[in-house]
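Just below is one structure, and these are the notes that go with it.
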Amino acid sequence: MSQLSLSNEQIRIIGSLIEKSITTPDLYPLSLKSLQSACNQKSSRDPITEFDLTTLESELNTLINNNFVIDISTFNSKTSKYQHRFCNTEFSDIQLSNSELAIICLLMLRGPQTSGELRSRSSRLYQFKNLSEVEDTLVSLQNISGGPYISPLPKVPGKREIRYVQLFGEANVSITNSDFPALKQKNDSEIEYLKQTIIDLENQVKELQKQLKNQH
């Protein structure tokens, strides 16, 4: 399993850098302000964030120290420019195909998603031929060397499709556990109902036994 444990902020930063490297290569690498705008986009993001520059710089420094991001500005540059080294470089252990990279990017930027959602939202990152190709890629990301990099979440009651989550973030355990509070509440209420039913039945049996004894 992936040994990375990135913060939600770091996940958003890396996902944004990956996205822009594919969708707007002419504007990549990104300046600090451009990266802030990419992270805080109102579209294609879940949740919507409001990273200030101080938070962004702090998280970037951590990513740079861990070799996930590089500042490529020169000594004479007035503006820093950032690009990711998270994957697909000679410096990164993670090597992904274009289809795998698209799915990881989407899961970083928009949280848990179904295979159908991933296909419908991926067109700017990668053109999946059909849903089967998405599902094959999801299997690949679960069986990849050094992985798994994604995991299916438990089914939501009443929903047929399975959602998938990336496994690079520190919050994934809490996502997995807290993503289904309604299911837990339902199970708890059913247990209480069954307990009360048993008590009621026991009381009815005692009452019937008492009545039978009095008749004799």
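The values are calculated or read from the model by the stated rules, or taken from the named source; none is laboratory data. Predicted, not measured: the structure shown is a model, and the values here were computed from it. Heads up, the Cβs are rebuilt from the backbone with ideal geometry, glycines too, and the neighbour counts pull from every protein chain shown. Heavy atoms of the whole protein, side chains included, go into the accessibility calculation; ligands, DNA and RNA do not. Shrake-Rupley method; radii C 1.70, N 1.55, O 1.52, S 1.80 Å.
Rounded to the nearest percent, how much of the accessible area of region 1-88 (1.4 Å probe, protein heavy atoms only) is carbon and sulfur?
In region 1-88, the share of accessible area belonging to carbon and sulfur is 47 percent.
For region 1-101, what does the accessible surface come to per residue with a 1.4 Å probe? Please give it in Å².
So region 1-101 comes to 55 Å² accessible per residue, rounded to a whole number.
Work from the charge dipole of region 57-176 (Cβ charges, +1 for Lys and Arg, -1 for Asp and Glu, about the Cα centre) and give the residue of 83, 123, 158 farthest towards its positive end.
158
Starting from the Cα of residue 131, step 7 Å toward the Cβ, then list every residue of region 90-119 with an amide N under 14 Å from that point.
Residues 114-119 fall inside that zone.
Taking loop as defined by DSSP and a crowding limit of 14 other beta carbons within 10 Å, which chymotrypsin sites (Phe, Trp or Tyr not before Pro) in region 86-145 fit?
Sites meeting the loop and neighbour criteria: 91.
Size of the dipole of region 1-156 about the Cα centre, Lys and Arg at +1 and Asp and Glu at -1 on the beta carbon, nothing else charged, in debye to 20?
In total the dipole reaches around 360 debye.
Please list, by residue number, everything in region 14-37 whose backbone N is under 17 Å from a paramagnetic label point 7 Å out along Cα→Cβ of residue 124.
14-31, 34-37
Filter the GluC sites (Glu not before Pro) in region 27-120 to those in DSSP coil with at most 12 other Cβ atoms within 10 Å of their Cβ, and list the result.
50, 90
How would 53, 153 line up by accessible area, probe 1.4 Å, largest first? Display every interim value, and only then the final one.
Numbers: 53 60, 153 10 Å².
From most exposed to least exposed: 53, 153.
Take a quick pass over region 1-146 and tell me how many lysine pairs come in under 19 angstrom between Cα atoms, counting only ones 8 or more apart or on separate chains.
Lysine pairs, 8 or more places apart or on different chains, close enough: 6.
Quick check for me: using +1 on Lys/Arg Cβ and -1 on Asp/Glu Cβ, what's the dipole size of region 15-101 about its Cα centre, in debye to the nearest 20?
In total the dipole reaches around 280 debye.
Would you please give the residues with an amide H less than 5 Å from that of residue 81, counting only those at least 5 places away or on a separate chain, with H modeled from the backbone geometry?
72, 73
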